[in-house]
1. Which ³J(HN,Hα) values, rounded to whole Hz and listed in residue order, are derived for the range 107-120 from phi using the Karplus coefficients 6.51, -1.76 and 1.60 in 6.51 cos²θ - 1.76 cosθ + 1.60 with θ = phi - 60°, glycine and proline given as x?
2. Using all Cα-Cα distances in the range 204-263, what percent lands in each 10 angstrom bin from 0 up to the longest?
3. Report the calculated FRET efficiency for Ser94 and Phe195 (r = Cβ-Cβ distance, R0 = 45 Å), to the nearest 0.05.
4. Apply the Karplus curve 6.51 cos²θ - 1.76 cosθ + 1.60, θ = phi - 60°, to the phi angles in the range 61-71 and return the couplings in whole Hz, x for Gly and Pro.
5. Residue by residue through the range 157-164, which ³J(HN,Hα) values in whole Hz follow from phi under the Karplus form 6.51 cos²θ - 1.76 cosθ + 1.60 (θ = phi - 60°), with glycine and proline marked x?
6. With each pseudo-label sitting 7 Å past Cα toward Cβ, what's the His27-Gln104 distance in nm, one decimal?
7. At a 10 angstrom cut-off on C-beta neighbours, averaged per residue, how do the peptides 169-178, 40-49 rank from highest to lowest?
8. Can you pull the accessible area of Thr269 for me, 1.4 Å probe, Å² to the nearest 10?
Amino acid sequence: MKKKSVIGILAAVICAVALIYIFLWPHPLYDIAWLGVSHGEPDIVRIVRDAFGEEAPLTYDVTLSDSDSAAFLEDMRNASVRFPFFGRMDRISSDYYRIMLGNQNNVWSEIEITNNGTINQEAPANRRWGNGTFLLYRKDAEGFLQICREWTSPDGRYPGLAFLQEFFAINKDGRADNVWLDAPDGVYSTGDSIFALYQGLERYMTERGFSKILMERSLYKLEYVCKQKGKDWYCGSIEVAPASEPGNYFYSAVLVEGASGNNEEFWITGNYSIGEDGLVDSFYIDLSGEILKED
């Protein structure tokens with residue numbers, strides 16, 4: 001009888017320890033987010049933030065540089081999660097994030113982080129811990145979500161993001177009033193009106209960059225195209241990724257027209273470069289983008 005009692009006690013202890021490990025023991029967020037064994041390590045980080053609660057609801061989609069990706073992965077290793085046993089319901093952030101990790105072998109995984117620090121594993125299914133739901137420890141959640149916000153906010157750390165938000169703020173403060181639809185080809189607004197159109201961009205650009213964008217009339221052409229279509233366009237998403245040359249970036253912006261009920265989308269692409277002071281030094285926009293209409 002004694003032997004059976006000891007075995008029973010040991011079994012109960014083992015079960016209790018196993019349950020504590022599964023439900024309460026902290027696991028690095030990195031281990032939950034990445035695939036695990038036999039897939040190499042990630043070196044690409046992409047963060048998507050849906051800023052629904054802000055005055056201008058935009059989706060910001062940024063891919064970090066190699067060095068910034070390495071630092072962000074270290075932040076993920078330092079953040080701990082657990083199974084949501086006695087889960088937390090209160091909000092820590094107003095934002096939702098999707099984080100995608102990848103490498104040069106075209107292996108990708110994705111997690112979603114809700115506003116209370118819940119981690120949902122989106123893809124793929126064959127990861128180390130399987131598909132499931134986890135919860136960031138509060139002591140780590142606030143700091144880690146702040147890091148995510150810093151990378152996906154116009155006033156944050158990503159070079160040029162504030163400029164792009166301002167550039168694609170169609171007709172902000174009535175700036176399209178400075179665009180003449182009935183002007184002859186090649187004739188633009190002049191004097192005070194043209195500077196009123198561009199003045200919101202100046203603080204985000206170097207002197208050389210601002211002079212060039214004035215000369216090329218890039219913003220005027222964008223506002224002209226949108227005004228010519230005669231619809232209420234707004235920017236729905238901005239995506240940015242580093243180019244191969246340091247300090248250079250590719251971007252795409254999706255302009256949405258919802259006022260008429262047609263739900264058209266105007267896809268625009270281009271690139272820009274950043275000077276040593278972090279300001280936009282050159283900017284290119286391709287306005288021949290495709291217009292799509294939702295079914």
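The values are calculated or read from the model by the stated rules, or taken from the named source; none is laboratory data. Everything quoted here is computed from the prediction, not taken from an experiment. All Cβ positions, even for glycine, are placed from backbone atoms using ideal geometry, and neighbour counts span all protein chains on display. Each accessible area value is taken on the protein alone, full model and side chains, heavy atoms only, with ligands, DNA and RNA left out. Shrake-Rupley method; radii C 1.70, N 1.55, O 1.52, S 1.80 Å.
1. Result, ordered by residue: 9, 9, 9, 9, 10, 10, 10, 8, 6, 10, x, 6, 9, 10 Hz.
2. Using 10 Å bins, I get a P(r) of 18, 36, 35, 11, 1 for the range 204-263.
3. Working: r = 35 Å, r/R0 = 0.79.
Rounded to the nearest 0.05, the efficiency is 0.80.
4. 10, 10, 9, 7, 5, 4, 5, 5, 5, 4, 5
5. 9, 7, x, x, 5, 5, 4, 4
6. Going from the His27 label point to the Gln104 one covers 2.9 nm.
7. For the peptides 169-178, 40-49, the packing ranking is 40-49, 169-178.
8. 70 Å²
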